[in-house]
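Report on the following structure.
The values are calculated or read from the model by the stated rules, or taken from the named source; none is laboratory data. Since we're looking at a predicted model, the values are computed, not measured. For neighbour counting, all protein chains shown are included, and Cβ atoms are generated from backbone atoms with ideal geometry for every residue, glycine included. With ligands, DNA and RNA removed, areas are computed over all heavy atoms of the protein, side chains included. Shrake-Rupley method; radii C 1.70, N 1.55, O 1.52, S 1.80 Å.
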Amino acid sequence: IYRGSRKHILDWVESETFLDQLTTLLQPTGALPQMGTWLPLGWKDPGEARLETYGPRHLPTATGWSDLKRWWIRYNGTTPNWDLAATGEFAGKSGIILVEAKANVSELKATGKVPQPNSTRESCQNHLRIGAAIAQAQEGLSAVIPGIKISIDTHYQLSNRLAFAWKLASLGVPTVLMYLGF
């Protein structure tokens with residue numbers, strides 16, 4: 001059974017007020033969520049989104065989806081799961097809404113991503129690639145937000161969320177990244 005933010009997201013997307021509440025939360029961005037294009041769908045279909053599969057299915061006209069996983073990792077492994085992903089309309093253009101949710105202070109981690117002691121060569125290479133991807137996003141973000149600091153070494157989950165939002169935007173996909181506290 002799901003607990004914490006996962007439980008809250010599943011309850012929320014099943015509520016009758018979900019779309020209205022999401023629309024209200026997005027008002028400052030100008031994005032409008034599109035009906036029925038979000039994951040997870042609810043308790044009967046609780047799967048979280050991975051952008052390399054969610055993106056091509058729900059935003060097929062956007063380019064770069066095939067490169068997204070290779071940008072993040074080189075070998076077998078996974079990209080981050082998103083608590084909620086939805087498509088939206090951004091001034092007439094389709095884009096993506098990404099949500100990271102937290103229900104407990106303990107979910108807000110300041111730790112970095114540390115390689116495991118007995119990691120395979122491929123896992124070590126993936127770790128280096130993730131660090132390079134976050135560093136690339138850091139450089140891109142600092143051009144528009146001077147002083148921003150993201151890193152694989154600290155606040156890894158926040159850093160990887162910001163890196164993915166930056167990467168999508170750099171590929172021309174309008175993107176909103178939202179952190180929700182329950």
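Below, the figures for the structure above:
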| quantity | calculated |
| --- | --- |
| Residue within segment 94-103 that is more than 23 Å from Leu171 (Cα to Cα) and of a type in the set (A, V, I, L, M, F, W, C) present | yes |
| Selection count, segment 155-181, where residues are open to solvent by less than 60 Å² (accessible area, probe 1.4 Å) and hydroxyl-bearing (Ser, Thr, Tyr) | 3 |
| Residue match in segment 23-40 (condition: more than 20 Å from Ala169 (Cα to Cα), polar (S, T, N, Q) and modelled with pLDDT of 95 or more) | yes |
| Cβ-Cβ under 6 Å pairs, at least 6 apart or on other chains, segment 126-141 side farther than 13 Å from Ser159 by Cα, far side open to solvent by less than 20 Å² (accessible area, probe 1.4 Å) and not in a helix (DSSP H, G or I) | Asn126/Ile73; Arg129/Ile73 |
| Number of positions in segment 143-154 that are under 29 Å from Thr24 (Cβ atoms) and open to solvent by less than 30 Å² (accessible area, probe 1.4 Å) | 1 |
| Residue within segment 124-134 that is closer than 16 Å to Trp72 by Cβ and in contact with a strand residue (DSSP E or B) (Cβ under 7 Å, 6 or more places away or on another chain) present | yes |
| Considering residues of segment 8-45 that are of a type in the set (A, V, I, L, M) and not in a helix (DSSP H, G or I) only, the residue least open to solvent (accessible area, probe 1.4 Å) | Ala31 |
